[in-house]
Amino acid sequence: MNSTEVNLSEIKSNPNNPRIIKDDKFHKLVESIKTFPRMLEIRPIVVNKDMIVLGGNMRLKACKEAGIKKVHVIFADDLTEEQQREFIIKDNVGFGEWDWAMLANEWDYKELDDWGLTLPNFDVEPDYSILDDNKDIDSQLEDMNNGTRKAIQIEFEIDDYDNAFSLVKYYRDKNIYVGKMIIEHLKAEKDKL
């Protein structure tokens, strides 16, 4: 599909767009448009026949903020109403995952942050306090059984991460509470010591 350059004023934001970017992330998007405006030509805004945005609402808003007068668009004027709604969601869904090891080793942390990628804090030490002798794991399990769920960070070797992620996803998809399984296993291992 070829893109067409149009006046920004001709494009209408989609009032039914459920995706937003706020505060710091929005300002980073504005800055990225100012410093790399060619990206708007490479990745045009998608509009329907009425010039309503189907893909790129936040880019449109950021272009206005950046003072851009013209942008490239692609017309998706042959989509049904249902297909347009589906496109709005699918265009914003992140199907993939980041390779955190590659990002940490081969990319500049500051640049990634400036470009808007939310990075985990790799410097935070894991909290192993749940395994301390003075913790009452049974009462924590009772809290979890009463509907109160809390999260702890679990540390994995990089080589084990993908396997751990897949296993947790497998159990979550089956509505099995992974945290309880881990705690019960850790308790049994602790009793062996």
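Every read-out reported here was derived from the displayed coordinates using simple, explicitly stated rules and does not represent laboratory data. Every value quoted in this text rests on a predicted model; they were computed, and no experiment measured them. So basically every Cβ, Gly included, is an ideal-geometry build from the backbone, and we count neighbours across all protein chains shown.
Rounded to the nearest Å, what's the spacing between the alpha carbon centres of the range 77-92 and the range 34-48? Just the number, please.
The range 77-92 and the range 34-48 have Cα centres spaced 19 Å from each other.
If I take all pairs of Cα atoms in the range 4-90, what percentage of them are more than 23 Å from each other?
18
Using a 7 Å offset from the Cα along the Cα-to-Cβ direction at both E86 and M1, what is the distance between the two label points in nm, to one decimal?
Distance between the two pseudo-spin positions: 1.4 nm.
Full extension from H72 to I182: what is 0.36 nm times the residue separation minus their Cα-Cα distance, to one decimal in nm?
Numbers: separation 110, 0.36 × 110 = 39.60 nm, distance 5.09 nm.
Gain on stretching H72 to I182: 34.5 nm.
For K70, go through the lysines and keep the ones whose alpha-carbon is under 25 Å away, minus same-chain ones fewer than eight residues off.
K12, K22, K25, K28, K34, K49, K61
Express in nm, to one decimal, how much length is gained between F156 and E111 on full extension, taking 0.36 nm for each residue of separation and deducting their alpha carbon distance.
Gain in length upon complete extension: 13.6 nm.
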